[in-house]
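So the structure is just underneath, and the comments pick up after that.
The values are calculated or read from the model by the stated rules, or taken from the named source; none is laboratory data. All of these numbers come straight from a predicted model, not from anything done at the bench. Cβ: placed from backbone, ideal geometry, glycine included. Neighbour counts: every protein chain shown.
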């Protein structure tokens, strides 16, 4: 097979390919990048990308007690989610273990993308991300990331913007 016919994503993990396809389908300007190192935490991602920790759009998953739906909160890597603020918007929350996260999103913890979930999630974007012009989100695998603006995140996910973090 000639090199021009080789799919560059063929050897990438399924979750990364799913996010790449979703971004392409929405005509997002930046394809996901597969890093040489895992970026399971906001600090690891910031170090690998040479950006501030606040520019990492971290994904935090909760389990909504009423219907067992995954609730995704996307916020800056330098902020902590305030569960009471989230619950005020979406209802009572419970903890989401690794098995729940994988079953609902199709991604493992440390690589949960804000889109292309296996099952629909309730998604909230924290307003603190709007402090930055450019942010980076997970792309379906601990080594996968993609670049976007906070406004593009809201557009790609269709998620509302709220204040859902603890005071800095």
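Some observations on this one:
- Residue list for the range 118-152, restricted to those being buried (at least 17 other Cβ atoms within 10 Å of the Cβ) and under 17 Å from residue 86 (Cβ atoms): 121, 122, 123, 124, 125, 126, 128, 129
- Within the range 92-111, no residue that is at positive phi and modelled with pLDDT of 95 or more sits with its Cβ atom under 6 Å from a residue that is surrounded by fewer than 18 Cβ atoms within 10 Å (Cβ to Cβ) and not in a loop (DSSP other than H, G, I, E, B) at 6+ positions apart or across chains.
- All helices (runs of 4 or more DSSP H) inside the range 55-168 with 1 or more residues being more than 24 Å from residue 19 (Cα to Cα) and over 16 Å from the mean Cα position of the chain (by Cα): 83-90
- Verdict on residue 76 being farther than 30 Å from residue 93 by Cβ and either in contact with a strand residue (DSSP E or B) (Cβ under 8 Å, 6 or more places away or on another chain) or modelled with pLDDT under 95 (or both): no
- A count restricted to the range 25-44 and to residues that are more than 21 Å from residue 154 (Cα to Cα) and in contact (Cβ under 8 Å) with a residue 40 or more places away in the chain stands at 8.
- Test: residue 46 is crowded, with 19+ Cβ neighbours inside 10 Å, under 17 Å from the mean Cα position of the chain (by Cα) and part of a loop (DSSP other than H, G, I, E, B): no
- Residues in the range 49-68 that are within 23 Å of residue 158 (Cβ to Cβ) and surrounded by fewer than 17 Cβ atoms within 10 Å (Cβ to Cβ): 66, 67, 68.
- Pair list, Cβ < 8 Å and 6+ apart or interchain, from the range 58-70 residues that are in contact (Cβ under 8 Å) with a residue 24 or more places away in the chain to residues that are assigned to a strand (DSSP E or B) and surrounded by fewer than 16 Cβ atoms within 10 Å (Cβ to Cβ): 62/94; 63/94; 64/94; 65/94
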